[in-house]
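What follows draws every value from the coordinates through simple rules; no lab data is involved. Worth saying up front: this structure is predicted, and the values here are computed from it rather than measured. All Cβ positions, even for glycine, are placed from backbone atoms using ideal geometry, and neighbour counts span all protein chains on display.
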There are 2 protein chains.
Amino acid sequence: MAILIAADLTPDEWAAWWPALQAALPHETLLRERSSTPAEQIDIALVANPHGGELQGLPALRLIHSLWAGVEGLLADSTVPVDVPLARMVDPAMTEAMAQTALWSVLGLHRHFFRYAEQQRAGLWRQRRQWRADETPVAVLGLGHMGRSVARRLALNGYPVRGWSARQAEVDGVVALAGDAALPHVLAGARIVVNLLPSTPATRGFFNADTFAQLPRGSNLVNLARGAHVVEADLLAALASGRLAHAVLDVFGTEPLPAGHPFWAHPHITVLPHVAALTDARSAAQCVARNVQALRQGLPLQHLVDRIRGY
Amino acid sequence: MAILIAADLTPDEWAAWWPALQAALPHETLLRERSSTPAEQIDIALVANPHGGELQGLPALRLIHSLWAGVEGLLADSTVPVDVPLARMVDPAMTEAMAQTALWSVLGLHRHFFRYAEQQRAGLWRQRRQWRADETPVAVLGLGHMGRSVARRLALNGYPVRGWSARQAEVDGVVALAGDAALPHVLAGARIVVNLLPSTPATRGFFNADTFAQLPRGSNLVNLARGAHVVEADLLAALASGRLAHAVLDVFGTEPLPAGHPFWAHPHITVLPHVAALTDARSAAQCVARNVQALRQGLPLQHLVDRIRGY
């Protein structure tokens, strides 16, 4: 049997993935295109932005493994077989990278480093009041794999962290609350909100005028999840009113962020080009290899997506 | 007996220090000026930038306690009595703040966040290669109270840390090397160098063309100690040649950094207005109070300065 890589990758991305997958799966036949092999010999597909219909007509398919953490594109693609287990990427290097980005953002907001960068551009030497980490409560919304890692890392570095998720979760060193009723309490107590919610129809537009109104004046938003979580016009209004002091945004409704978009030049928005956590092909290939081996040996698969919940 | 506060503080600083010292020393007489009290009743002086001669003519003086961590100004002031024990400030909140600033700087350099800020100003969406923390060796120069705290915090967050100091030190999770012979090895292996050396005549101009030449091409400097440690012209030359990729500077030869200084507008220099670690009057007053109580009870004093070593 063979493994089809159905991935729309750049040449640079191929240059990273191909040797990593070959090294992690030395006894497997890896196909970079489907045409060369009979369809019934393909039992696993590794996918990243597959072309529409690319996974159809594969009668032996037993596992679809995303090379990315987010799978909302695959779930929205009606040509992706729904009766084949779908696994998403849980790459330890990517999880670690997300924790680093969240920590860097929180440190920057807590210690005024974004303001000091603004001061430098204005040639202004001015010291601002230094708060302690334990005086800077952080809310982490979304306690999936990424959110839990972020919450733990922030707690490890001295921040009082409240986590919030739709269903109850447990995270070491973090007060974890769940459900709609707890949300106003979590928002009202946060100096900094870090968004790592899953991307589902229910979380679309989660950060809107109503949500921002529940935050303390002068609080900050770090969006590391999806652009669709934030109503952009409401974010700009919250910054203009002083409800929000600053936003660090890694994700946007349209990516790349279009030229001339008001976020680019906004003094209180930090724009990152969707780099909070990139997949590291070396460790990600190991994640794939563990599931491929589990499938071959009849063992349980890891990181399967619940297609009803959407993550 | 009474405690003289010989400190050139701004009104804001007085507003923080005065209630904090009163709360920490409820049974002591605190003097904001010397004139009102006979000199022989003053046995302790709390000092920050004292006026020249302010500590002379105090026959009962038994302790000079700096309100700041750095004491090179006091050591250079020939009117400060040399036969009275001199203690420096070791404020846990300040030590913690220094660890935060170092970690923020290292995360920013490691994960290209300074470059992404530059890209934002240019409206450029471009992802850069993501390295793991364990691929990003950091050298911490100076393993005093601050340097050890910084080295530990970086190691806790996944960085391979080499510490270096004039005399051998031990730090959990850190490879600590000592002496001139070890320095080239430490410099050659560093992607990021964090300076926390003490400020002494021997460390003046420590970072010069020779030091920079020993770093790998494209490495980075974080100076959180003293401006005098860095030869500014050599730093600019190292940035121009690409030897250094970026410098984060909290301290300068002249502070505030003068208007028009080339550091202000340099795209690869981050200027902070000497805020890496501010004293927190609340916890710092506790540090003072412990030494005052020790003196009153005849117990050993802490954080005494070795006037020969200079720190």
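Some notes on this structure:
- Applying the Karplus relation 6.51 cos²θ - 1.76 cosθ + 1.60 with θ = phi - 60° to region A:219-228 yields 3J(HN,Hα) values of 7, 9, 10, 10, 9, 10, 9, 9, x, 5 Hz, where x marks Gly and Pro.
- Rounded to 0.05, the FRET efficiency of the A:Val175 and B:Ala60 pair, given R0 = 45 Å and the Cβ-Cβ distance, is 0.30.
- Of B:His185, B:Val161, B:Leu124, farthest towards positive along the dipole that unit charges on Lys, Arg, Asp, Glu beta carbons give region B:121-218: B:Leu124
- Share of Cα-Cα pairs in the protein assembly as shown lying beyond 45 Å, as whole percent: 28
- Between the C-alpha center of region B:249-311 and that of region B:101-162 there is a gap of 22 Å.
- Annotation: extensible slack from A:Arg296 through A:Glu72 equals 78.0 nm (criterion: 0.36 nm per residue apart, minus Cα-Cα distance).
- Computed lengthening from A:Asp306 to A:Gln22, 0.36 nm per intervening residue step minus Cα-Cα distance: 99.4 nm
- Those GluC sites (Glu not before Pro) in region B:111-191 that DSSP places in a loop and that have at most 12 other beta carbons within 10 Å: B:Glu170
- Compared with the dominant Cα axis of chain B, that is its longest principal axis, helix B:113-122 is turned about 70°.
- Computed helical MRE - 222 nm, the protein assembly as shown, DSSP H runs ≥ 4 contributing -39500 (n - 2.57), nearest 500: -9500 deg cm²/dmol
- Check: region A:48-192 dipole with +1 on Lys, Arg Cβ and -1 on Asp, Glu Cβ, in debye: 900
- Net charge dipole size for chain B [Lys, Arg +1 and Asp, Glu -1 on Cβ; Debye, nearest 20]: 1220
- Rounded to 0.05, the FRET efficiency of the A:Thr79 and A:Arg167 pair, given R0 = 35 Å and the Cβ-Cβ distance, is 0.70.
- With distances taken between every two different alpha-carbon atoms, region B:1-120 has a Kirkwood hydrodynamic radius of 16.6 Å.
- Separation between Cα centres of region A:205-236 and region B:1-57, rounded to whole Å: 48
- The mean number of Cβ atoms from other chains found within 10 Å of a Cβ in peptide B:271-277 is 6, as a whole number.
- Taking label points 7 Å from Cα along the Cα-to-Cβ direction, A:Arg126 and A:Ala39 give a separation of 6.7 nm.
- Residues A:His51 and A:Ala2, FRET efficiency given R0 of 30 Å [Cβ-Cβ distance, rounded to 0.05]: 0.95
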